[in-house]
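Below is one structure, written out as C-alpha cells; the observations come after it.
The values are calculated or read from the model by the stated rules, or taken from the named source; none is laboratory data. It should be emphasised that the depicted structure is a prediction, and the values quoted were computed from it without experimental measurement. Backbone-built Cβ (ideal geometry, glycine too); neighbour counts: all protein chains shown.
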C-alpha cells in the first residue's frame, strides 16, 4: 500500500490525518516542519505528500519547490488556512496537485489522494513501458515492429533469417496487422537496403492502370500516354518491390508478374524492348490464396513463385501482451504530434483494451489511441474516454431499482452490487462510487448490524 507523508506543525492535525489515512489502508509518516519532511523524502519511500504551507524552519512552499526539482513525479497536496488561499493557488501553479483549506473535508481529501496516486501509478507504468520498448528496439535490428509475445518473436526471427536472401516472400494476415511493416523490415535488413523500396497497392488500380503502373508504357501506347513512363518494377531495380493486396489482381496481369519472377525481364506497355531487372519481390494479402486457386481466380504457378517463404502476421488478439507496449509507443507519438501531455491509460482503461477483440488489429488500436489523446481532458485516459465499442465488452452491469424503493435501500443495492462487480475489491468499489473507503466500511457495518438485528 502507498505511503503518505503528512507535514504540519500542529500535532493534532498531523495525527488526525494519519489515523484517517491508516483507516483507509495507507501507511503514513509524519513531520512537523519542511526540513524534517525533506529528510524523510530522501530517506524513505514516499508516494504522496500532504503539507501545510506555513511552518517553522522550512515552509511548505519551499518543501514543494525542493520536491518538484528532485522528484517531479511525487504528488504534493497543500493544506492552507483561509487567509493564505492566494499562496495555495500559487503553489498549484508551481506543481502542487491540489489544495485544501482547513478544516479539511476528509472524504474529498481521501478521493483526491486516491486520484493523485492513481495518476502517479499511470505515469510510472508508462515510464516502465517506454524503457521496455527502448530495450526491445535495441535488441532487434528493426525498430518499427514492437512486441515481445511469442508470435512476434517467431516472426522477427524469420524476417531476420530470410532478409539477406533473394527469395520471394508472401506475407499473409488480417487487415491492419502490419504486413507493410514486414516488407519494410525485409528490405531494411537486407543487402538491398541502400536500394529503393517501391510499394504498389494492387487493389487501388484498375487492371489496365495496374499493368501500366507495374511495367511502364511507351509514348502513344494508349490514349493519354503522352510520354514514356518507367514502371514500378523498373524503378525498383536493385531493391525491393512490395505488391500489397496481390490477391486482387486479374489473371492477365498475374501472367506478366509470373514472367518477371521467372525470367527477371519484361516489356513496357506498347514497347518491344526487353528490360531486365534485379528485384526482390514481397507480396501481401489478407485473402486465402489457396481458396482463390480453387475458384480459378489466382494462378497456382504464381502462388508457388511468390510463396517461397511464407510469413504470417498474427492478429492483435493473439498477441495481447504486446498491447500495453503498443499503446505506450502510440501515446508517445501522438503526444509529440499534437503537443499533448497525456501520461497514460488507467488500469481500468488498459483492462478494457486488453479485453477487446480488436477486429481492426493494430490499425484500429493506433486510431483509438490517437482519438483518446486528441479528445482527452486530463493527464490520463480512463474507461469513460474509450470508444463505446471497447467499453461495451467490459461487462458493465445495469442496476434496476423498482419505483417505491426507499433511498436507503437503493443506496444499499447500489453499494453491494458495485462491490460484487469489483469482485470484492472495496478500494476499487469506493473509487467507482465516489466515496471514501472508510465511509464504505461504515455503510457495510450498518448493513451487517441490520441483518443481525
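Couple of notes before you dig in:
- The set of residues from the stretch 217-234 being at pLDDT 90 or above and buried (at least 16 other Cβ atoms within 10 Å of the Cβ) comprises 231, 232, 233, 234.
- Within the stretch 219-242, the set of residues being assigned to a loop (DSSP other than H, G, I, E, B) and touching a helix residue (DSSP H, G or I) at 6+ places or on another chain (Cβ under 6 Å) comprises just one member, 231.
- Output for the stretch 54-84, where each listed residue is more than 38 Å from the chain's Cα centre (by Cα) and either farther than 23 Å from residue 106 by Cβ or outside the structural domain of residue 16 (by TED's automatic domain parsing) (or both): 56, 57, 58, 59
- Residues of the stretch 1-45 that turn out to be part of a loop (DSSP other than H, G, I, E, B) and more than 22 Å from residue 102 (Cβ to Cβ), as a count: 5
- Selection within the stretch 262-297: residues that are part of a helix (DSSP H, G or I) and more than 15 Å from residue 237 (Cβ to Cβ). The member of this set that is nearest to the chain's Cα centre (by Cα) is 289.
- The single condition among (1) over 16 Å from the mean Cα position of the chain (by Cα); (2) crowded, with 17+ Cβ neighbours inside 10 Å; (3) more than 20 Å from residue 1 (Cα to Cα) that residue 114 does not meet is (3).
- Residue count, the stretch 119-135 (criterion: crowded, with 17+ Cβ neighbours inside 10 Å and either over 30 Å from residue 429 (Cβ atoms) or in contact with a helix residue (DSSP H, G or I) (Cβ under 9 Å, 6 or more places away or on another chain) (or both)): 6
- Condition broken by residue 51, with the remaining ones in (1) modelled with pLDDT under 90; (2) more than 32 Å from the chain's Cα centre (by Cα); (3) outside any helix (DSSP H, G or I) satisfied: (1)
- Residue count for the stretch 256-276, restricted to those that are touching a helix residue (DSSP H, G or I) at 6+ places or on another chain (Cβ under 8 Å) and free of Cβ contacts under 8 Å to residues at least 60 places away in the same chain: 11
- Residues that are at negative phi and assigned to a strand (DSSP E or B) were ranked within the stretch 302-359; the one that is surrounded by the fewest Cβ atoms within 10 Å (Cβ to Cβ) is 310.
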